[in-house]
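**Q** One structure coming up, written as structure tokens, with questions to follow.
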Amino acid sequence: MRDDNCLFCKIVGGDIPSNKLYEDELCYAFYDIAPQAPTHFLVIPKTHISGCNGVTEENSAVVAHIFEVIPRIAAAEGLAGGYRVVSNCGADAGQTVPHLHFHILGGRAMGWPPG
Ligand code: AMP
Ligand code: ZN
């Protein structure tokens, strides 16, 4: 389902341009507009889910699908050295777009824990 006020729903619908990496019937992947690593892209469900807290028994299959797709895109992007998958959920985590998304960051070594 689309939320007409949602930035990422607008990207999926083509109303806002994006630098697309991959698309299928369930998900959409595009480069982050403000990259935090040499490679930084986002993978999102096409359907509107508010974030991790919006994942339910009814819609969780798309999350499994996204995690099948992520390694394929990461390999195509040359992230053989590894990568990080992040989903910020809620204010404390710094979520700014309330549509479920997975950041894939790679191309450099990363510290732990995150700030
Ligand atoms: P978060 O802060 O975890 O909710 O992640 C939202 C991400 O969306 C941030 O990394 C932003 O840089 C990214 N972002 C916001 N607007 C756009 C856009 N129009 N195209 C691509 N990425 C975007
Ligand atoms: Zn949305």
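**Q** Taking the condition of being more than 9 Å from ligand 1 (Cβ to nearest atom) and either more than 15 Å from the chain's Cα centre (by Cα) or among the small types (Gly, Ala, Ser) (or both), how many residues in the range 1-24 meet it?
**A** At the first step, the residues of the range 1-24 found to be more than 9 Å from ligand 1 (Cβ to nearest atom) are 1-6, 9, 12-15, 20-24.
Filter again for either more than 15 Å from the chain's Cα centre (by Cα) or among the small types (Gly, Ala, Ser) (or both), leaving 1-5, 13-15.
The number of residues fulfilling the criteria is 8.
**Q** Shifting gears a bit: Only residues in the range 94-107 that are in contact (Cβ under 8 Å) with a residue 12 or more places away in the chain and outside any loop (DSSP other than H, G, I, E, B) count as the first member; pair them with residues that are near ligand 1 (Cβ under 6 Å from one of its atoms) and of a type in the set (Asp, Glu), Cβ under 7 angstrom, at least 6 apart or cross-chain, and list the lot.
**A** From residues that are in contact (Cβ under 8 Å) with a residue 12 or more places away in the chain and outside any loop (DSSP other than H, G, I, E, B), the pairs are His103/Asp32.
**Q** Next question. Look through the range 43-61, keep the residues that are within 15 Å of Gln95 (Cα to Cα) and in contact with a Ser or Thr (Cβ under 9 Å, 6 or more places away or on another chain), and return whichever of them is surrounded by the fewest Cβ atoms within 10 Å (Cβ to Cβ).
**A** Among residues in the range 43-61 that are within 15 Å of Gln95 (Cα to Cα) and in contact with a Ser or Thr (Cβ under 9 Å, 6 or more places away or on another chain), the one surrounded by the fewest Cβ atoms within 10 Å (Cβ to Cβ) is Cys52.
**Q** Also, I was wondering about something else. How many residues are surrounded by 10 or more Cβ atoms within 10 Å (Cβ to Cβ) and closer than 25 Å to Ser60 by Cα when one looks only at the range 83-115?
**A** Step one: list which residues in the range 83-115 are surrounded by 10 or more Cβ atoms within 10 Å (Cβ to Cβ), which gives 83-90, 93-95, 97-108, 110, 114.
Checking which are closer than 25 Å to Ser60 by Cα leaves us with 83-90, 93-95, 97-105.
Of the residues in the range 83-115, 20 are surrounded by 10 or more Cβ atoms within 10 Å (Cβ to Cβ) and closer than 25 Å to Ser60 by Cα.
**Q** Only one of (1) under 30 Å from Pro113 (Cβ atoms); (2) within 16 Å of ligand 1 (Cβ to nearest atom); (3) touching a residue at least 12 places away in the same chain (Cβ under 8 Å); (4) of a type outside the set (Lys, Arg) is not met by Pro35, so which one is it?
**A** The failed condition is (3).
**Q** Being farther than 20 Å from Cys9 by Cα and outside any strand (DSSP E or B) is the requirement here; does Ala34 meet it?
**A** Values: farther than 20 Å from Cys9 by Cα: no; outside any strand (DSSP E or B): yes.
So Ala34 does not fit the description; no.
**Q** If you go through the range 58-76 one residue at a time, do you hit one that is within 16 Å of ligand 2 (Cβ to nearest atom), assigned to a loop (DSSP other than H, G, I, E, B) and hydrophobic (A, V, I, L, M, F, W, C)? Before you say what the answer is, go through the steps one by one.
**A** Restricting attention to the range 58-76, the residues satisfying the condition of being within 16 Å of ligand 2 (Cβ to nearest atom) are 59, 62-63, 66.
This time we only want the ones that are assigned to a loop (DSSP other than H, G, I, E, B), so: 59.
Next, from what is left, pick out any that are hydrophobic (A, V, I, L, M, F, W, C): none.
Within the range 58-76, not a single residue is within 16 Å of ligand 2 (Cβ to nearest atom), assigned to a loop (DSSP other than H, G, I, E, B) and hydrophobic (A, V, I, L, M, F, W, C).
Each reported figure results from applying straightforward, stated rules to the coordinates on display, with no laboratory input. Remember, it's a predicted structure, so these values are computed and weren't measured experimentally. For neighbour counting, all protein chains shown are included, and Cβ atoms are generated from backbone atoms with ideal geometry for every residue, glycine included.
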